[in-house]
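Undergrad: Quick one: structure below, then a few questions.
The values are calculated or read from the model by the stated rules, or taken from the named source; none is laboratory data. This is a predicted model, so every value here is computed, not measured. Cβ placement follows ideal geometry from the backbone for every residue including glycine, while neighbour counts extend to all protein chains displayed. Accessible surface areas use protein heavy atoms only, side chains included; no ligands, DNA or RNA. Shrake-Rupley method; radii C 1.70, N 1.55, O 1.52, S 1.80 Å.
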Amino acid sequence: MIEQAILEITAELSQARNIVIVPHKGPDGDAIGSSLGLMHFLKNKGHNVDVIAPNEYPRFLKWLPGNDQVMIYEKDKTKADELINDADIVFALDFNHLNRSGDMQEVLTASQAVFIMIDHHREPSDFANYTYSDAEMSSTCEMVYHFIDKLRAVEKITPEIATCLYSGIMTDTGSFRFSATSAETHRVIAQLIDKGAVNHEIHNNIFDTFNENRLQLLGTALQNLRVLPEYKTAYITLSQEELDKHNFQKGDTEGFVNYGLAIEDVIFALIFIENKQEGIIKISFRSKGDFNVNEFARAHFEGGGHNNAAGGKSELSIEDTVAKLNSILPDYKELKG
Ligand code: 5GP
Ligand code: MN
């Protein structure tokens with residue numbers, strides 16, 4: 001983000017403003033962590049700030065400081081529309097196309113507010129007045145730290161802000177193991193610990209709070225795992241019936257897709273999760289090394305994301321979606337040999 005933009009944003013923020021912060025639909029740890037981290041920062045500066053998430057998010061994020069202030073658009077549309085219409089500034093966090101805001105797209109498109117986008121996905125669109133986009137970054141939370149730094153306000157980072165930003169960096173980097181984790185990421189993390197993020201508590205709150213149903217659903221997922229060694233690929237399926245049997249709650253399958261990559265020589269992992277209500281199969285794609293799942297998801301499954309982590313969907317049955325995968329894989333010679 002260029003110096004001129006920072007000067008202009010500093011001027012925008014020099015008086016009390018009505019600010020709305022929006023994470024992407026199906027918010028993850030990075031989306032909620034960055035939204036709440038920025039919310040605390042802006043509130044402490046005297047602004048009137050609301051976080052409006054397009055829809056619900058996982059239970060394992062609901063302990064984050066400020067969680068009770070997140071409004072869910074699907075549940076509170078009338079009030080949320082009012083807040084967006086009254087907003088002077090809208091921050092779009094962890095997404096770069098307005099269609100990733102789900103049902104909020106319409107009201108956001110009509111809004112006259114100044115839009116500031118902070119995001120680390122590839123191929124940003126240009127809906128915002130100010131775009132801070134960097135696909136080399138580990139996470140939007142790391143970028144919010146740099147944004148605060150650019151505003152020369154690192155000393156204003158409280159333990160609440162540090163906790164929120166640490167959480168999103170940790171979840172988006174798979175606990176600091178994915179390739180986007182840089183030395184700079186670790187330097188930011190060290191700063192956040194200095195500012196009051198208690199790393200072992202955060203790890204416990206996010207990863208070690210499964211209930212019995214969720215762990216048994218993982219058991220079913222692992223039973224369903226299939227490996228295609230000839231394509232260095234592994235996939236998991238979960239039917240609606242299997243989800244229902246384990247009283248599936250939003251977020252319960254988070255991280256399951258990564259187990260495929262734990263198999264030696266596997267570089268491409270997928271999970272197919274049936275959603276009967278929406279009539280789709282939601283797909284997550286993960287890879288190691290150069291195999292680009294963002295392109296794969298865009299080309300075949302109406303999705304996108306990052307080089308090594310992407311999402312998409314299919315309107316076929318689970319069986320037909322798996323058959324489609326099997327028919328596509330032979331076209332990818334980088335998966336062979
Ligand atoms: P997940 O598999 O965890 O849902 O998503 C992995 C990554 O891909 C996330 O960064 C997410 O924002 C992105 N992503 C997930 N689903 C979609 C989608 O349908 N379209 C696009 N463009 N990106 C997605
Ligand atoms: Mn992210």
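Undergrad: Quick one: what pairs do we get from region 72-85, first residue assigned by TED's automatic domain parsing to the domain that holds Ile52, second open to solvent by less than 100 Å² (accessible area, probe 1.4 Å) and of a type in the set (S, T, N, Q), C-beta under 8 Å, 6+ apart or different chains?
TA: Listed pairs, sorted by first residue: Ile72/Asn55; Tyr73/Asn55; Glu74/Asn55; Leu83/Asn18; Ile84/Ser111; Asn85/Ser111.
Undergrad: So, in region 183-210, exactly how many residues are closer than 27 Å to Gly260 by Cβ, touching a helix residue (DSSP H, G or I) at 6+ places or on another chain (Cβ under 9 Å) and outside any helix (DSSP H, G or I)?
TA: Selection size over region 183-210: 2.
Undergrad: Something else: Restricting attention to region 318-328, does a residue exist that is within 12 Å of ligand 1 (Cβ to nearest atom), β-branched (Val, Ile, Thr) and without any contact (Cβ under 8 Å) to a residue 60 or more places away in the chain? Break it down into steps so the answer makes sense when it comes.
TA: In the first step, residues of region 318-328 are kept if they are within 12 Å of ligand 1 (Cβ to nearest atom); the result is none.
For region 318-328, residues within 12 Å of ligand 1 (Cβ to nearest atom), β-branched (Val, Ile, Thr) and without any contact (Cβ under 8 Å) to a residue 60 or more places away in the chain: absent.
Undergrad: So, one more: Is it fair to say Cys141 is assigned to a helix (DSSP H, G or I), within 16 Å of ligand 1 (Cβ to nearest atom) and touching a residue at least 24 places away in the same chain (Cβ under 8 Å)?
TA: On the way: assigned to a helix (DSSP H, G or I): yes; within 16 Å of ligand 1 (Cβ to nearest atom): yes; touching a residue at least 24 places away in the same chain (Cβ under 8 Å): yes.
Here the answer is yes, as Cys141 does meet what is asked.
Undergrad: Here's something else I'd like to know. Do you know which residues across region 285-306 are within 16 Å of ligand 2 (Cβ to nearest atom) and in a loop (DSSP other than H, G, I, E, B)? Give the steps one after another, and end with the answer.
TA: First pass over region 285-306, keeping only residues within 16 Å of ligand 2 (Cβ to nearest atom): 285-286, 293-294, 297, 303-306.
Those that are within 16 Å of ligand 2 (Cβ to nearest atom) and in a loop (DSSP other than H, G, I, E, B): Gly303, His306.
A quick yes/no check of all residues on (1) surrounded by fewer than 17 Cβ atoms within 10 Å (Cβ to Cβ); (2) of a type in the set (Ser, Thr, Tyr); (3) within 16 Å of ligand 1 (Cβ to nearest atom); (4) not assigned by TED's automatic domain parsing to the domain that holds Asn99:
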{"residue": "Leu222", "(1), (2), (3), (4)": "yes, no, no, yes"}
{"residue": "Gln240", "(1), (2), (3), (4)": "yes, no, no, yes"}
{"residue": "Leu243", "(1), (2), (3), (4)": "no, no, yes, yes"}
{"residue": "Asp252", "(1), (2), (3), (4)": "no, no, yes, yes"}
{"residue": "Asn258", "(1), (2), (3), (4)": "yes, no, yes, yes"}
{"residue": "Val266", "(1), (2), (3), (4)": "no, no, no, yes"}
{"residue": "Phe291", "(1), (2), (3), (4)": "no, no, yes, yes"}
